[in-house]
Amino acid sequence: MSVSAKDSYQKLKTAAQEKVKSLNDRPVVWVGTATCGKAAGAVDVREFFKEEIEKRGLDVRVMEIGCMGHCYAEPLVIIAKPGHPRLCYGYLDEGLTRRLVQDFLEGDDPCYEFALVALDPNDFFPTFTDFPRGVYEKKIILEDCGFIDPESIDEYIARDGYEAVAGVLEMEPEEVLRQVKASTLRGRGGAGFPAGVKWEACRKAAEKTRYVICNADEGDPGAFMDRSILESNPHLVIEGMVICAYTVEAAQGYFYIRSEYPQAVRRVNNALEQARDKGLLGNNILGSGFNFDIEVFEGSGAFVCGEGSALVSSMEGEMGVPRHKPPRLTASGFRGKPTVLNNVKTFAYVPHILRKGVEWFKNTGTEKSPGTAVFTLVGKVTNQGLVEVPMGTTLRQLIFDVGESVPNEKEFKAVQIGGPSGGCLPESVLDTPIDFDSLYDAGAIMGSGGLVVLDEDDCMVAIARYFLEFTQQESCGRCTFCRLGTKHMLDILTAITRGEGEQGSLEILQELAEDVKNGSLCNLGGTAPNPVLTTLRYFGDEYEAHIKERRCPALMCTHLVAFYIIPQKCSKLCNACVGSCPTEAIYTRDDGLKAINQEKCVKCNSCLKACPPEYNAVVKLSPPELVEERERENNK
Amino acid sequence: MELAAGEKEEILKHVGAVLEEFKTTRESLVPMLQAVQKKVGYLPELAMEKIAEGLDIPAVDVYGLATFYNQFRLNPPGRYQVKVCMGTACYMIGGKVALESFERRLDIQEGETTPDREFSLERVACVGCCSMAPVVLINDMVEGRVTPTRVDGLLLEYKDGEEKISEENKEEARTKGADNSSSNEEGERSA
Ligand SMILES: Cc1cc2nc3c(=O)[nH]c(=O)nc-3n(C[C@H](O)[C@H](O)[C@H](O)COP(=O)(O)O)c2cc1C
Ligand code: FES
């Protein structure tokens, strides 16, 4: 061997850096076009920029990036103009686009009044670290997301991408394994199993044909960080998989990506192609003699397929049904061969750990859960989006400092963590540090990273019912308790939300929950009762109100609320509510006041939203009988 | 379901191509079904039978798989596929109301297609833009903050308007040739 992997890599890197540098001599506009950006209209924004730039004959490149995590301010762009710090602008529309092109790109006024944040330290405008969010956030795996072009391997390489692979290829696999184990990196797919221990088990297997699979099934119905990472920085995950493959001596790897993620599938395929072109994937990687390639398998949308053994069955062309363990996948996985299955985020940490060192990694987070936690922070919180904070940050800091608390002056009620397998935690436990073990003790789980903030308008029985309905539908039906137990629980919850709950319902729920937990083969059933158990534990009074008073305290369960127009507040002259009603349930009384025909009302909230704030005449009442009472009083 | 004239030939053509393209092993079954659905829009019985023949496996195995996975649809979709997000954030903020509004206006239930095959209605899990909740996808156009009034507006827009070209497809038209792996169905998501 004449050239070392490091030398081959250095050549690639020099070339990539020159290429990137030559491109960045001129001004660049980066438009965030991950799914969140696209939904907010980023494609139009990109076109507006192109048109306006062309019209003015400017020499400016318009590029696409992934998700920066600030979804609440989409569409977002970053403008890099030599002589200025890189600046990020949010809430882009056609007008602002033209303004930026005219004043900043053609002229030289950075329009600070519209800028959200600067990305480079400077004397004029605050950077991320100047905001509360920046103080608590620490980005490792999201570091480059939204800041590099996900379709260009050169940008990734220019920022030390694949350097870890080059280093690893000159080490003994045993040494790589030692480092991953020493880092105590824990799997980010939910359970927090140590990655190094898993890799070691696979490495020790007698069978020599081995596989590496990246789990990008992301089944939690309220989460999207794995997709964002794949859409924003696919090479990071590929690099982690190559390192894993070298360690466990696998020659073939797979991405298991759900087919509902077409953009992620496309960007990963594109990245794989580029990596092959550069000799970073395929035969003889970086001239080292090591062979490894990766293919994409599109998952067909069954939650249970996120579970390891079910995932493997579905790749084999069977129904995705979990099987007994042992044997574990590391002994008998895909095609019966030893297989390492890790989550997208788990792989994404690996290159950082090998490049920057085990100690560096362990400096962040807690002793037992080192590193960071990545969440999709959504629901009733001001700054929605993707966040990454060190493990050990408290929930309170995450919601109130990073998320900048609950909007519209509403009262915080609970935070749902971990999706269908997780739980709802109340205000009183918000000082729980975020790490695998503390969250488990509080009744929730770290889970995949979905985090939904709920306020006073959200009903805890309804959310428990929502998740149970999800798991019930997704149960593969193999285990009786999971199939029938969840159905029975769902029926009880449905009855409660309709005001048909009975005395003793809660005791039965509790018992069923324990049975389903213990009687299920896989963790779909094993964790399905969690949302019910945590809401019972922390919000028992809401259940009681539903059962005993037929009242939904959050005014959310449609069977238990009625809409009412307060005659003293109604203006008579305004017709906003009438126009907004989709079922013509609102009529004008003889005296000119508006009223609601309860028979026709579908409780869609439209009138409540339509009624102008100066009147605020529409209210929700629970239990619904209150409407009659009020009417009687008014007719006295 | 009765196949329209010419539909049968169309299906056979696509299934033939898929059987050529993939290795005829059991492992190819899911990718094959995905490929057929991408081309035809759904999985006709005929296609499943032909694939079973091609792989030399019982047809029930293919049906079993097609019904197990949420992605596969056994009935033709509408020209406009309405997908209401029922992810956690959307559900809590009015996804159900949006779904019910569509059901009421289109006079079909979730999972059905209107008799004129113009609209079909289904639910999906988190689309990834929770900050715009509740979210609805019409083909692959994302509509945010969908209230019942907005539902009426959207239906009018689509009923009368000419075929809307989605962003994704516009983009493809522009970059044709650069990426030939993508098809018109690219934005396809079902749950
Ligand atoms: C019902 C069910 C669904 C799951 N869904 C996912 C998923 O969507 N993504 C994921 O990475 N892990 C999921 N898991 C966990 C996987 O079984 C497995 O533990 C994980 O992928 C291992 O990777 P890690 O060690 O890197 O976390 C799921 C588990 C169960 C029981
Ligand atoms: S829950 Fe609807 S977009 Fe996330």
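The values are calculated or read from the model by the stated rules, or taken from the named source; none is laboratory data. The shown structure was predicted, so the numbers you read here are calculated from the model rather than taken from an experiment. We place every Cβ from the backbone using ideal geometry, glycine too, and count neighbours over all the protein chains shown. Please note that ligands, DNA and RNA were not included when accessible areas were found on the heavy atoms of the full protein model with its side chains. Shrake-Rupley method; radii C 1.70, N 1.55, O 1.52, S 1.80 Å.
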Next item on the list: Rounded to the nearest 100 Å², what's the accessible area chains A and B bury against each other, both chains counted, probe 1.4 Å?
Entry: 4400 Å²
Note to self: Which residues belonging to region A:272-301 lose at least 50 Å² of 1.4 Å-probe accessible area when the assembly is complete, relative to their chain isolated?
What the structure shows: A:SER300
Next item on the list: For region A:18-131, state the semi-axes of the equivalent ellipsoid (square roots of 5 times the eigenvalues of the alpha-carbon gyration tensor), sorted largest first and rounded to whole angstrom.
Entry: 18, 18, 14
Check: Plugging the Kirkwood radius over Cα pairs into Stokes-Einstein for region A:561-635, at a temperature of 37 °C and a viscosity of 0.692 mPa s, what D comes out in µm²/s?
Finding: 269 µm²/s
Next item on the list: With the full set of protein chains in place, find how many percent of the accessible area of the protein assembly as shown is carbon and sulfur; take the probe as 1.4 Å.
Entry: 48 percent
Check: So for the pair A:LYS208, A:GLU614, with labels modelled 7 Å out along Cα→Cβ, what separation do we get in nm?
Finding: 8.4 nm
Check: What's log10 of I(q)/I(0) for region A:184-227 at q = 0.28, 0.32 Å⁻¹, Debye sum over Cα points only, no solvent?
Finding: -1.06, -1.16
Item checked: Interface residues, region B:143-160 - accessible area loss of 20 Å² or more versus chain alone, probe 1.4 Å -> B:THR147, B:PRO148, B:THR149
Check: Size of the dipole of the protein assembly as shown about the Cα centre, Lys and Arg at +1 and Asp and Glu at -1 on the beta carbon, nothing else charged, in debye to 20?
Finding: 1160 debye
Notebook entry, point to check: Roughly what would the spin-label model give for A:GLU549 and A:TYR440, points 7 Å off Cα along C-beta, in nm?
Noted result: 3.9 nm
Margin query: Could you report the accessible area of A:TYR615 in Å², rounded to 10, computed with a 1.4 Å probe on the protein chains as they sit in the structure?
Written below: 70 Å²
Item checked: Net charge dipole size for region A:561-635 [Lys, Arg +1 and Asp, Glu -1 on Cβ; Debye, nearest 20] -> 260 debye
Next item on the list: Working with all protein chains in place, sort B:ASP152, A:ASP109 by solvent-accessible area computed with a 1.4 Å probe, largest first.
Entry: A:ASP109, B:ASP152
Margin query: If you build the convex hull over the alpha carbons only and average its shadow over all orientations, what do you get for region B:7-68? Give it in nm² to one decimal.
Written below: 3.6 nm²
Check: With +1 on each Lys and Arg Cβ and -1 on each Asp and Glu Cβ, how big is the dipole of region A:473-521 about its Cα centre, in debye rounded to the nearest 20?
Finding: 280 debye
Item checked: Per residue, the convex hull volume that the Cα atoms of region A:63-218 enclose (Å³) -> 182 Å³
Notebook entry, point to check: Do you know which residues of region A:595-614 lose at least 20 square angstrom of accessible area in the protein assembly compared with their chain on its own, with a 1.4 angstrom probe?
Noted result: A:VAL602, A:CYS604, A:SER606, A:LYS609
Next item on the list: Can you pull a Stokes-Einstein diffusion coefficient for region A:315-383 at 25 °C (0.890 mPa s), Rh from Kirkwood over Cα pairs, as a whole number of µm²/s?
Entry: 157 µm²/s
Notebook entry, point to check: Cβ under 10 Å from B:ALA59's Cβ, B:ALA59 left aside: what net charge do those residues give with Lys, Arg +1 and Asp, Glu -1?
Noted result: -3
Next item on the list: Can you figure out the FRET efficiency of A:ARG335 with A:ASP277, using R₀ = 25 Å and their beta-carbon distance, to the nearest 0.05?
Entry: 0.30
Check: Please report, for the Cα atoms of region A:372-458, the Rg to one decimal and the Dmax as a whole number; what are they, in angstrom?
Finding: 11.4, 33
Checklist line | Stokes-Einstein translational diffusion, the protein assembly as shown - Kirkwood Rh over all Cα pairs, 1.002 mPa s, 20 °C, in µm²/s | finding: 76 µm²/s
Item checked: Solvent exposure of the protein assembly as shown as accessible area per residue, Å², 1.4 Å probe -> 40 Å²
Next item on the list: Please report Rg over Rh for region A:442-572, where both radii come from the alpha carbon positions and Rh follows the Kirkwood definition.
Entry: 1.05
Item checked: Difference of contour (0.36 nm per residue) and Cα-Cα distance, A:GLU514 to A:ARG178 -> 117.0 nm
Next item on the list: Sum up the charges of everything whose Cβ sits under 10 Å from the Cβ of A:PHE114, counting Lys and Arg as +1 and Asp and Glu as -1, but leave A:PHE114 out.
Entry: -1
Notebook entry, point to check: If you rank A:LYS569, A:LYS198, A:LYS636 by how much accessible surface each has, with a 1.4 Å probe, what is the order from largest down?
Noted result: A:LYS636, A:LYS569, A:LYS198
Next item on the list: Could you check how many percent of all C-alpha pairs in region B:10-108 are farther apart than 20 Å?
Entry: 47 percent
Next item on the list: Calculate for the protein assembly as shown the 222 nm mean residue ellipticity that helices alone would give, adding -39,500 (n - 2.57) per DSSP H run of length 4 or more and normalising by residue count, nearest 500 deg cm²/dmol.
Entry: -11500 deg cm²/dmol
Notebook entry, point to check: Among A:THR534, A:CYS479, A:SER505, which residue has its Cα positioned farthest towards the positive end of the charge dipole of region A:461-548, with +1 placed on the Cβ of Lys and Arg, -1 on the Cβ of Asp and Glu, and the dipole taken about the Cα centre?
Noted result: A:CYS479
Note to self: If you scale each eigenvalue of the Cα gyration tensor by 5 and take the root, what three semi-axes come out for region B:80-166, rounded to whole angstrom and sorted largest first?
What the structure shows: 19, 14, 11
Check: Among A:VAL296, B:PRO76, A:VAL31, which residue has its Cα positioned farthest towards the positive end of the charge dipole of the protein assembly as shown, with +1 placed on the Cβ of Lys and Arg, -1 on the Cβ of Asp and Glu, and the dipole taken about the Cα centre?
Finding: A:VAL296
Checklist line | Pairs from A:LYS81/B:LYS38; A:LYS325/B:LYS96; A:LYS278/A:LYS325; A:LYS337/B:LYS8; A:LYS139/A:LYS325; A:LYS21/A:LYS356 whose Cα-Cα separation, in the structure shown, is over 32 Å | finding: A:LYS81/B:LYS38; A:LYS325/B:LYS96; A:LYS278/A:LYS325; A:LYS337/B:LYS8; A:LYS139/A:LYS325
Next item on the list: Have a look at A:ASN575, A:ILE547, A:MET391 and report the one farthest towards the positive end of the charge dipole of chain A, computed about the Cα centre with Cβ charges (Lys/Arg +1, Asp/Glu -1).
Entry: A:MET391
